[in-house]
Amino acid sequence: MSLRYVALGDSYTIGTSVTADEAWPSRLAAIRGPDGRRRLDLVANLAANGRTSQDVLDDQLPRLARLRPEFASLLIGVNDVVQGVRPETYQDHAGRALDRLQALLPVDRLLVVTIPDYTVTPAGARFGQPADQRAGIVALNRIMVGLAGDRRIAAVDIFDLSQHAAADPTLVARDGLHPSARQYALWLERIQPVVAGLLDRA
């Protein structure tokens, strides 16, 4: 029997500029276990373009509880960087989000994914000085991984995978900014074993 899976986040979770079944949460839910059955059933992807850590608290988490999730993922922060949200504010928001997730689900039913490096994409420079933006992403990723570690929540770092887009245009979607389906497939190669390990703890 598959677990009810709900994904939280922004454009990197909803899969802007790829089809719905090419976004990484959909791909994750399509993977079958040794018995041939799907381990996860993606009942909702609450992510949306432009969302910040504040939006997760205000909008997505209240909706999550009503969906009776049995597994959840969170990837949030890129729009905090773009909007100049202070790291300490992000830390407060992200910490509260993880605490609320832990109030709903066991620690082995939660997953955090880091923010990719959009500054290496053709359109990345539209959002500010690339070096400064990259430093902001690194800082928020460090915060999220630290918060997850403190709570024993699994965190998957895909930042380095996203940087391959600097030399490989096939890893960038047609909008010149977001990951392509091929890049999401690379993410999944790193995410899936971690999720399989969590699900096998039961």
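The values are calculated or read from the model by the stated rules, or taken from the named source; none is laboratory data. This is a predicted model, so every value here is computed, not measured. Cβ sites come from the backbone with ideal geometry, for glycine too, and all protein chains shown count toward neighbours. Ligands, DNA and RNA are stripped out before the accessible areas are found, and what is left, the full protein with its side chains, is counted by its heavy atoms. Shrake-Rupley method; radii C 1.70, N 1.55, O 1.52, S 1.80 Å.
For this structure, a couple of remarks:
- Between residue 138 and residue 103, the contour length at 0.36 nm per residue exceeds the alpha carbon distance by 9.8 nm.
- Relative contact order, percent, the stretch 50-167 [alpha-carbon distance under 8 Å, six or more residues apart]: 31
- Taking the centroid of alpha carbons for each part, the stretch 171-202 and the stretch 33-107 are 16 Å apart.
- DSSP-assigned coil residues among trypsin sites (Lys or Arg not before Pro) in the stretch 55-158, each with at most 11 further Cβ atoms within 10 Å: 152
- Pairs of C-alpha atoms in the stretch 123-189 farther apart than 14 Å represent 65 percent of all such pairs.
- Diffusion coefficient, µm² s⁻¹, Stokes-Einstein with Kirkwood Rh over alpha-carbon pairs of the stretch 86-202 at 10 °C and 1.306 mPa s: 104
- Residue with peak Gaussian network fluctuation, the chain [Cα springs, cutoff 10 Å], from 23, 173, 139: 139
- Residues whose amide H falls under 5 Å from that of residue 42, counting only those 5 or more places apart or on a different chain, are 5, with hydrogens built in the peptide plane.
- Solvent-accessible surface of the stretch 1-129, taken per residue with a 1.4 Å probe and all protein chains present: 42 Å².
- Seen from residue 30, the other residues with C-beta closer than 13 Å to its C-beta sum to a net charge of +2, counting Lys and Arg as +1 and Asp and Glu as -1.
- FRET E, pair residue 157, residue 4, Förster distance 25 Å, beta-carbon r, rounded to 0.05: 0.45
- Relative to the Cα centre, the charge distribution of the chain, modelled as +1 at Lys and Arg Cβ and -1 at Asp and Glu Cβ, gives a dipole magnitude of about 520 debye.
- The P(r) of the chain has a tail past 30 Å containing 14 percent of all C-alpha pairs.
- Applied to the stretch 101-107, the Karplus parametrisation 6.51 cos²θ - 1.76 cosθ + 1.60 on θ = phi - 60° returns per-residue 3J(HN,Hα) values of 5, 5, 6, 9, 9, x, 4 Hz, with x for Gly and Pro.
- With q set to 0.15, 0.19, 0.23, 0.31 Å⁻¹, the log10 of I(q)/I(0) for the stretch 94-137, from the Debye formula over equal scatterers at the Cα positions, is -0.56, -0.66, -0.73, -1.07.
- GNM result for the chain, Cα springs below 10 Å: residue of 111, 161, 75 fluctuating most strongly: 161
- Residue-wise HN-Hα coupling along the stretch 140-150, computed from phi with Karplus coefficients 6.51, -1.76, 1.60 (Hz; x: Gly, Pro): 5, 4, 4, 4, 5, 5, x, 4, 5, x, 4
- Carbon and sulfur %, accessible surface of the stretch 1-119 computed with the full protein complex present, 1.4 Å: 46
- Stokes-Einstein translational diffusion, the stretch 17-103 - Kirkwood Rh over all Cα pairs, 1.567 mPa s, 4 °C, in µm²/s: 90
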